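The values are calculated or read from the model by the stated rules, or taken from the named source; none is laboratory data. The shown structure was predicted, so the numbers you read here are calculated from the model rather than taken from an experiment. Cβ placement follows ideal geometry from the backbone for every residue including glycine, while neighbour counts extend to all protein chains displayed.
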Amino acid sequence: MQRAYRTRMVLLALLLALPLLAAAFDFDDVSREAAALARAPYQPAAAAAADPRLAQLSYDDYRDIRFRPERAHWRDSGLFQLHFFPLGRGHGRPLRLYELQDGTAHALEVPASDFSVGSVAGGVQPLPGAAGWRLSYPLNRPGQPDEVVVFLGASYFRALGANQAYGLSARGLAVDTAGGQGEEFPAFTAFWFERPAAHSREMRFYALLDSPRIAGAYRFVVRPGTDTVLDVQARLFQRAPVTTLGIAPLTSMFLAGENQPVAHDYRPEVHDSDGLLVATGDGELIWRPLSNPAQAFVTSFATPALRGFGLLQRDRAFSSYEDLEANYHRRPSAWVEPVGDWGPGRVELLRYHTPDETHDNIAAYWVPQRLPPAGAPIDLAWRVHWTLGEPVETPLARVRQSRSGHGFIDAPLPQGKQLLHVDFAGPSLQALDAAAAVEAAVSANGNVRGLRAHAYPNAERGGWRVNLDFERIDARQPVELRLQLRLAGNVLSETWAYALAPE
């Protein structure tokens with residue numbers, strides 16, 4: 001009897017404890033807040049009352065307001081440290097910030113005294129609160145913290161792996177980036193940070209996203225390393241219809257490259273990324289070189305299933321850039337790997353003109369073919385790899401470079417004539433004899449005639465080179481080209497998919 005009584009008491013105690021355990025803060029708490037936002041009219045976050053000079057700061061002036069490193073959160077408690085960005089310039093709306101301790105959210109205050117002001121900023125006084133934040137971790141040397149993740153502005157974030165330099169960015173969401181009612185920039189308005197254990201090598205946090213047509217809940221897990229990886233879970237709620245919902249968007253810059261050099265610039269190439277790679281569900285790898293078109297240019301790759309996509313910086317030779325300050329050869333590639341089945345859709349690539357390297361002009365994202373009905377949540381998860389290497393292991397040869405133009409000619413080329421040169425290299429070509437009958441399987445859209453392709457070994461670089469020449473029928477219309485290397489019907493290379501924008 002006593003044993004049965006004690007058993008009942010233990011069970012009762014456990015049952016009474018369950019509500020307390022269930023009350024621990026988690027993704028569902030952020031999701032409920034996002035759902036409530038979506039049911040109400042959109043209310044933009046209020047900007048902080050401030051010295052008007054704060055909003056007028058230049059880029060260098062804003063950088064002169066610095067977070068004091070000795071005020072970093074978790075500075076003496078583990079491997080991770082949390083730093084904050086001041087309000088000012090284009091960042092006037094303070095974030096709501098919380099720290100999670102024992103499953104409970106506590107407001108995280110950032111006083112004005114956490115910032116110092118240098119001589120450049122003109123004597124403006126910082127405000128309490130934060131416009132963004134960054135995470136540091138001993139990425140390259142033990143005991144020496146390095147920046148590993150930054151969240152600043154709308155839903156933008158960037159990350160670094162070992163020996164990498166900041167380049168392209170990711171975003172939480174893209175709304176009508178191409179087409180629709182005009183682009184909308186959702187913003188992360190609140191963050192909840194889980195304090196990592198002393199020796200933890202990963203850090204978790206949650207974010208609330210809001211915009212006129214979308215609200216959303218996000219969960220992130222950051223794992224720094226040679227390749228830094230961010231796991232992302234998102235639950236989105238539509239306030240109003242969206243024409244193009246861009247999932248896992250990436251944003252980059254391409255000013256000049258092998259296929260489009262810039263006159264009077266001593267640097268051969270200037271870009272954060274040189275191509276878009278798409279891995280379809282049926283095993284095809286598609287490489288689309290980037291360019292800097294005269295006007296906005298949108299292309300896409302439809303697929304019933306997706307293994308991944310990313311904006312890559314493939315060229316790692318310093319001699320390709322010759323820039324000791326920008327370090328383009330160390331700027332990471334970002335590879336998006338779906339978690340779970342995203343179903344059919346398309347990877348969309350937007351390119352538009354940039355006059356210099358200070359403006360991003362490239363965007364890539366996944367567009368689902370179907371969205372749930374109004375009121376139903378959109379649940380997706382993905383993983384973003386920040387890497388200096390190739391994100392997909394394959395025996396296929398990869399595109400190493402794409403060049404345009406001609407060498408010596410004894411007469412001017414006819415109007416509309418185009419010459420392109422593509423180098424492939426990789427395991428599938430290494431064992432081939434130079435006399436192997438490698439075929440350049442090439443196709444084009446209806447704006448091309450007289451297309452010819454010639455494949456031959458590249459004794460200097462290894463692999464094979466393909467020369468293509470064709471006539472562009474109408475300069476006002478785009479050109480689409482697709483090229484693979486084959487031998488006896490077997491595919492040897494990824495697909496080179498080149499697109500020329502209208503002139």
Near pairs, Cβ below 7 angstrom, 6+ apart or cross-chain, from the range 142-157 (within 10 Å of LEU79 (Cα to Cα) and in the same structural domain as HIS91 (by TED's automatic domain parsing)) to any residue that is among the hydroxyl-bearing types (Ser, Thr, Tyr) and crowded, with 19+ Cβ neighbours inside 10 Å: PRO145/SER136; PRO145/TYR137
Hey, SER320 among the polar types (S, T, N, Q), under 17 Å from ASN292 (Cβ atoms) and either assigned by TED's automatic domain parsing to the domain that holds GLY167 or at pLDDT 95 or above (or both) or not: yes
Answer residue from the range 112-123, given it is surrounded by fewer than 21 Cβ atoms within 10 Å (Cβ to Cβ) and assigned to a loop (DSSP other than H, G, I, E, B) and is modelled with the highest pLDDT among those: GLY118
Candidates GLU393, GLU460 - the one that is free of Cβ contacts under 8 Å to residues at least 12 places away in the same chain, under 25 Å from ALA364 (Cα atoms) and among the acidic types (Asp, Glu): GLU393
Residue within the range 245-266 that is part of a loop (DSSP other than H, G, I, E, B) and touching a helix residue (DSSP H, G or I) at 6+ places or on another chain (Cβ under 9 Å) present: yes
Residue match in the range 347-367 (condition: more than 19 Å from the chain's Cα centre (by Cα), hydrophobic (A, V, I, L, M, F, W, C) and outside the structural domain of LEU419 (by TED's automatic domain parsing)): no
Residue in the range 181-199 that is without any contact (Cβ under 8 Å) to a residue 12 or more places away in the chain, in the same structural domain as ASN361 (by TED's automatic domain parsing) and either outside any loop (DSSP other than H, G, I, E, B) or under 30 Å from PRO241 (Cα atoms) (or both) present: yes
Selection status of LEU250, in the same structural domain as LEU168 (by TED's automatic domain parsing) and touching an Asp or Glu at 6+ places or on another chain (Cβ under 9 Å): no
Residue in the range 130-152 that is surrounded by the fewest Cβ atoms within 10 Å (Cβ to Cβ), counting only those that are assigned to a loop (DSSP other than H, G, I, E, B) and modelled with pLDDT of 95 or more: ALA131
THR251 among the polar types (S, T, N, Q), farther than 16 Å from ASN361 by Cβ and crowded, with 19+ Cβ neighbours inside 10 Å: no
Among (1) buried (at least 17 other Cβ atoms within 10 Å of the Cβ); (2) among the polar types (S, T, N, Q); (3) in contact with a Phe, Trp or Tyr (Cβ under 8 Å, 6 or more places away or on another chain), the one test that THR303 misses: (3)
Single unsatisfied condition, GLN164 versus (1) assigned to a strand (DSSP E or B); (2) buried (at least 18 other Cβ atoms within 10 Å of the Cβ): (1)
Count - residues of the range 256-278 that are more than 16 Å from the chain's Cα centre (by Cα) and either within 23 Å of ALA234 (Cα to Cα) or surrounded by 24 or more Cβ atoms within 10 Å (Cβ to Cβ) (or both): 2
Listing of strands (runs of 3 or more DSSP E) fully contained in the range 1-111 that carry 3 or more residues being modelled with pLDDT of 95 or more and buried (at least 18 other Cβ atoms within 10 Å of the Cβ): 81-85, 96-101
The lone exception for HIS406 - which of (1) in a loop (DSSP other than H, G, I, E, B); (2) more than 14 Å from LEU245 (Cβ to Cβ); (3) not assigned by TED's automatic domain parsing to the domain that holds PRO427 it fails: (3)
Filtered residue count, the range 336-377, keeping only those that are among the acidic types (Asp, Glu), in contact with a Ser or Thr (Cβ under 6 Å, 6 or more places away or on another chain) and assigned to a loop (DSSP other than H, G, I, E, B): 1
